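Here is the structure we will look at.
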Amino acid sequence: MSNFISELASELNLRKQDHLYRQRLVVDESTAAKLKINGKSYVNFCSNDYLGLASDAKLKLALQQATEKYGVGSGASQLVCGYSQSHQQLELELADFLQRPRAVVFSSGFLANLGVISSLLNKNDSAYLDRLNHASIIDGVKFSGAKFERYAHKNVEDLERRLKKPNSGKNLVISDGVFSMDGDIAPMSQLTQLTKQHDALLMIDDAHGVGVLGKNARGCIELANTETQKVDILVGTFGKAFGTCGAFVSGKEEIIETIIQKSRTLIYTTALPAAITETTRASLKLIRTESWRRDKLNSNIEYFKRQSERNGINLSGSSTAIQPIIVGSSEASLALSEALKHAGLLVIAIRPPTVAKNSARLRITLSAAHDQNQIDLLVSTLSAQLKSLGLATKHD
Ligand SMILES: *Cc1c(COP(=O)(O)O)cnc(C)c1O
């Protein structure tokens, strides 16, 4: 074997030894809150399809009809001929929904973060990142060549100390809205205040908040009663609550136009199919009109938390659909995930480097599509398994 290949082989072996090897499940089929793997059916507690829209009948129909009109692919970049009336309408409707000046659609959230940050910052500028920000934000900053510092999670004093240091270039503070592996929410009012005080722009990636949080589902900005114009850049994705795929960035005219002019991940990638942007428009309509989905999600979150507490399961205090059970070791998190799978429950173990060392966890996500029986089965199985591993506390 060449050195190159044998080096890869030994690295792969190390991963296996450390219980960090990753494998993709092959899903046979999926419907709301359930999926089938190897012919066996599981209740799905690891999808980000918070509102059950990914398998909604109206959206399936919207996709079929849009395919008749636009075909299955967009054929080119947005800047060549991949940008349709549907893309444009979706951008206008998003801006209206969010009450923000403008929006631009990207093919994914990962590409959006890379594109925005690298269009706005260069090597003379600085980015300040929450330590638990999504990987795509860190990669976006690296892609831009800007200097960057990571402040302690949600620690505004640490951020302020860093912002006070003299600095010549432009400054951008970036935070997840809802943190994707912990489910907690950024300190919105302190972030807006600090960034205005220190002449920095604020970017919030609210991939897990838009569509779900706030009275009108506008996300963590609305939930915190923050004036939306105090958040200079808002990123959201369609692959989660919207149930489709793709992403958007919204902000002032100058910001959005700069992104369209300069973003390599917008210019040099094929546009989303118009069939998908049409389906996403239909999804946005459901988000705006069918608030019962959010009510159902919230009552499922409440029910899960209440039943867990009654059964000695240690929760993290998250109030969102993301409910991590921190286990610590990767090995134990895998064993738990396997035991749940045996009981017909799909919950994935999240291990380093996605989360910090010794903080491997089960990441449970709740959906409007779950019913109480499914949540009961999750709680009773989880409680029994945690007890047998000596990881549950409290009574009985
Ligand atoms: C999922 C996620 C992304 C990436 O979005 P994709 O559309 O899946 O590429 C970006 N940021 C956060 C916070 C996310 O959770």
Which of the helices (runs of 4 or more DSSP H) contained wholly in the range 60-161 include at least 2 residues that are within 16 Å of the ligand (Cβ to nearest atom), among the charged types (D, E, K, R) and assigned by TED's automatic domain parsing to the domain that holds Lys240? 135-144
Go through (1) in contact (Cβ under 8 Å) with a residue 24 or more places away in the chain; (2) surrounded by fewer than 17 Cβ atoms within 10 Å (Cβ to Cβ) for Tyr50 and report which single condition fails. (2)
Output for the range 188-221, where each listed residue is farther than 25 Å from Arg288 by Cβ and within 16 Å of the ligand (Cβ to nearest atom): Leu191, Leu202
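So that you can scan it fast, the table gives a plain yes or no per residue for (1) out of contact with any Ser or Thr (no Cβ under 9 Å at 6 or more places or on another chain); (2) among the aliphatic types (A, V, I, L, M):
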{"residue": "Tyr21", "(1), (2)": "yes, no"}
{"residue": "Ser30", "(1), (2)": "no, no"}
{"residue": "Ser41", "(1), (2)": "yes, no"}
{"residue": "Leu61", "(1), (2)": "yes, yes"}
{"residue": "Gln64", "(1), (2)": "yes, no"}
{"residue": "Tyr70", "(1), (2)": "no, no"}
{"residue": "Glu91", "(1), (2)": "no, no"}
{"residue": "Leu94", "(1), (2)": "no, yes"}
{"residue": "Leu98", "(1), (2)": "no, yes"}
Result of the Cβ filter at 7 Å on the range 92-112, keeping first residues that are farther than 16 Å from Gly211 by Cα and at pLDDT 95 or above and partners that are among the aliphatic types (A, V, I, L, M) and near the ligand (Cβ under 8 Å from one of its atoms), at least 6 apart or interchain, is Phe106/Ala112; Phe106/Ala247; Ser108/Ala247; Ala112/Val235; Ala112/Ala247
Over the range 67-116, the set of residues among the basic types (Lys, Arg) and surrounded by fewer than 19 Cβ atoms within 10 Å (Cβ to Cβ) is Lys69
Subset of the range 288-302 that is in contact with a helix residue (DSSP H, G or I) (Cβ under 8 Å, 6 or more places away or on another chain) and surrounded by 17 or more Cβ atoms within 10 Å (Cβ to Cβ) - its residue that is farthest from Gly211 (Cα to Cα): Asn300
Check off (1) farther than 25 Å from Thr67 by Cα; (2) in contact (Cβ under 8 Å) with a residue 60 or more places away in the chain for Ile276 and give me the number that stays unchecked. (1)
When the range 15-36 is examined, which residues are found to be surrounded by 11 or more Cβ atoms within 10 Å (Cβ to Cβ), free of Cβ contacts under 8 Å to residues at least 24 places away in the same chain and more than 25 Å from Gly183 (Cα to Cα)? Arg15, Val27, Asp28, Lys36
Considering only the range 233-247, I want to know if a residue exists there that is within 29 Å of Lys165 (Cα to Cα) and more than 11 Å from the ligand (Cβ to nearest atom). yes
Which condition breaks for Asn155 when tested against (1) in contact (Cβ under 8 Å) with a residue 12 or more places away in the chain; (2) in contact with an Asp or Glu (Cβ under 9 Å, 6 or more places away or on another chain)? (1)
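Matching residues to (1) of a type outside the set (Gly, Ala, Ser); (2) surrounded by fewer than 23 Cβ atoms within 10 Å (Cβ to Cβ); (3) over 19 Å from Ser316 (Cβ atoms); (4) in contact with a Phe, Trp or Tyr (Cβ under 9 Å, 6 or more places away or on another chain):
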{"residue": "Pro352", "(1), (2), (3), (4)": "yes, yes, no, no"}
{"residue": "Asn358", "(1), (2), (3), (4)": "yes, yes, no, no"}
{"residue": "Leu366", "(1), (2), (3), (4)": "yes, no, no, yes"}
{"residue": "Asn373", "(1), (2), (3), (4)": "yes, yes, yes, no"}
{"residue": "Ser380", "(1), (2), (3), (4)": "no, yes, yes, no"}
{"residue": "Ala384", "(1), (2), (3), (4)": "no, yes, yes, no"}
{"residue": "Ser388", "(1), (2), (3), (4)": "no, yes, yes, no"}
{"residue": "Leu391", "(1), (2), (3), (4)": "yes, yes, no, no"}
Tell me which of these Val173 doesn't satisfy, since it passes every other one: (1) in a loop (DSSP other than H, G, I, E, B); (2) buried (at least 23 other Cβ atoms within 10 Å of the Cβ). (1)
Any residue that is among the small types (Gly, Ala, Ser) and over 18 Å from Thr365 (Cβ atoms) - is there at least one of those in the range 319-329? yes
Would you mind stating whether Phe148 is over 21 Å from Ile256 (Cβ atoms), modelled with pLDDT of 95 or more, among the aromatic types (Phe, Trp, Tyr) and out of contact with any Asp or Glu (no Cβ under 8 Å at 6 or more places or on another chain)? yes
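The values are calculated or read from the model by the stated rules, or taken from the named source; none is laboratory data. Since we're looking at a predicted model, the values are computed, not measured. Cβ atoms come from the backbone with ideal geometry, glycine included; neighbour counts cover every protein chain shown.
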